[in-house]
Amino acid sequence: MKAWILSVINEDDQGQEIVFADNAAQAKKKIRFTDLYAESWIYIRVRRYRELDDMEEASEFEKHLVQWRNGWNWYDESTPDPDITSDEEFKIWYKKNIGWVK
């Protein structure tokens, strides 16, 4: 299934959510299952995120590893630099700061 990034226009503080759907319209409807809040459908931004296609059954850690390798950061944490950090080092950091790895 295709991966999509949901965000709310002009509300960067809300962050972004990844959802899986066959098309953008279906992805947009999934905002109600996230922590994002938009006053109207017109404020919901939907963008493709091909790096996570077909990963809907992957663990959160596996998804986060791909996101991290592609430049994502976690705002509340000091995310390691992917250019100089191995996947194993990221896994150790992740366990300590984000959650358990399954």
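Every number here is computed from the coordinates shown, using simple stated rules; none is lab data. These numbers come from a predicted model, not from an experiment. Please note: Cβ atoms are built from the backbone with ideal geometry, for glycine as well, and neighbour counts cover all protein chains shown.
Every condition in (1) within 18 Å of Asn73 (Cα to Cα); (2) more than 15 Å from the chain's Cα centre (by Cα) is met by Asn23 except one, and the failing one is (1).
Each row is one residue, and each column tells you yes or no for (1) surrounded by 17 or more Cβ atoms within 10 Å (Cβ to Cβ); (2) in a helix (DSSP H, G or I).
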{"residue": "Ala3", "(1), (2)": "yes, no"}
{"residue": "Ser7", "(1), (2)": "yes, no"}
{"residue": "Ile18", "(1), (2)": "yes, no"}
{"residue": "Gln26", "(1), (2)": "no, yes"}
{"residue": "Lys29", "(1), (2)": "no, yes"}
{"residue": "Leu36", "(1), (2)": "yes, no"}
{"residue": "Arg47", "(1), (2)": "no, no"}
{"residue": "Glu51", "(1), (2)": "no, yes"}
{"residue": "Met55", "(1), (2)": "no, no"}
